[in-house]
1. Which value results for Rg/Rh of the chain when Rg is the Cα radius of gyration and Rh the Kirkwood radius based on the inverse mean 1/r?
2. Through the Karplus equation 6.51 cos²θ - 1.76 cosθ + 1.60, θ set to phi - 60°, convert the phi angles of the stretch 304-311 into ³J(HN,Hα) values in whole Hz; use x for Gly and Pro.
3. Suppose the chain between LYS2 and SER75 were pulled fully straight at 0.36 nm per residue; how much longer would it get relative to their current alpha carbon spacing?
4. Roughly how many whole Å is it from the C-alpha centroid of the stretch 122-182 to that of the stretch 222-294?
5. Quick check on the stretch 239-343: what are the equivalent-ellipsoid semi-axes from the Cα gyration tensor, as sqrt(5λ), descending, whole Å?
6. Amide H to amide H, which residues 5 or more places from ILE4 or on other chains are under 5 Å from it, using H placed in the peptide plane?
7. Given a 10 angstrom Cα cut-off, can you work out which residue in PRO124, PRO12, PRO269 is the most mobile in a GNM of the chain?
8. Report, for the chain, the % of DSSP beta bridges that are antiparallel, rounded to 5.
Amino acid sequence: MKKIPVIIDCDPGHDDMMALVLAYGSQKLDIRAVTTVAGNNTIDNTTRNALNVLHYIGADHIPVAKGLQDPIVRSHKEVMEKLAENRRRMYPDQGSQEPKEKIVGASAHGITGLDGFTFPQDNPMQVQPMSAVEMMAKVLRESEEKVTLIPMGPLTNIGLLIRAFPDLVEKIERISMMGGTSEFVLTRPFMEFNTFVDPEATKIVFESGVPITMFGYDVTYRVLCGKDTIEQMEHLGNKTGHMAASLLKFFMERHNKNLSHLGLSDTTPIHDACAVAGVIDPTLVTQSKRLHLDVEIGGTYFDGATICDYAHCLNLPENVEVVYNMDTQRFLQMLVDAAANCQ
Ligand code: RIB
Ligand code: CA
């Protein structure tokens, strides 16, 4: 069966790691390029992490291009500090938080952005001599067929691509994104990390007219991974299984600590892998709804929040398919099978 041409845009990130393993190990996707974005950590760290994961799983042939230092308008460092301040204010009892000067990213992923496993230092992979947006434009321009974009970090690169290369928008088949949410969530009402970091880019994407499927917290906090799946990966007996199991254990511990009020004991979401799984096999999606989505920019409480017009009261186009549920067992089995196909 013909592989689906995709570009993966990521900010590894533990769940980004699992999404890359799924994308490559599924053997169903023609990964034309991987691009990186500043999100879970600095652009240098997310890029190093992407190179390390791809090399470790045996995907050295996939070109990697580095994104920008900051979101389109905001400063990455200031956004991270604002996020940490929100958490300090909302969860003062969470004990010691990383000192301000060490805040480079989301606490769930640790200081390096991919804490919990030490990759070999002899990785020969290098980034391509062009920016992430230029790489995306090159792939779209040279492709004979339309290409699906799978962003799983802030939408900075996608927003810039749409603005800088409007003639190439028609070459985008669909955007299968991890981000946003339509329901009250964790740290603040309606706020998900990726859209919080770059709301301006999110707005460009939502208004682009490109078909969008959004795998937000609505689904990613329903399709949870437990210790049994992690044990299956550990027992695969290959490098990738052990690496993925080690990193998912770290991610689970951080989630259970940071979000104890949600009762996530011994489970963890694998946010980004949902957006990949939905491209590999759309029948995994068991519940979705087409809605008009916008994103709040500025303000004290809802800056970066995705706002859904549930009641269709704005009479505006339904621009996003919001995914609410997926077949959890098939999804988790897909992750294990993909890890088994890697080195
Ligand atoms: O809110 C979850 C998203 O933010 C995921 O993509 C995770 O990797 C972080 O980037
Ligand atoms: Ca991510």
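Taken together, the values in this text are just the output of simple stated rules run on the coordinates, not laboratory data. Remember, it's a predicted structure, so these values are computed and weren't measured experimentally. As a convention, Cβ positions derive from the backbone with ideal geometry for all residues, glycine included, and neighbour counts pool all protein chains shown.
1. On the way: Rg = 18.4 Å, Rh = 19.7 Å.
That ratio equals 0.93.
2. Karplus values, whole Hz, x for Gly and Pro: x, 7, 8, 10, 9, 8, 3, 8.
3. On the way: separation 73, 0.36 × 73 = 26.28 nm, distance 4.10 nm.
Length difference between fully extended and current span is 22.2 nm.
4. The distance from the Cα centre of the stretch 122-182 to that of the stretch 222-294 comes to 24 Å.
5. On the way: eigenvalues 194, 83, 28 Å².
Ellipsoid half-lengths, sorted descending, are 31, 20, 12 Å.
6. LEU29, ASP30
7. PRO124
8. Working: 12 of 35 bridges.
That works out to approximately 35 percent antiparallel.
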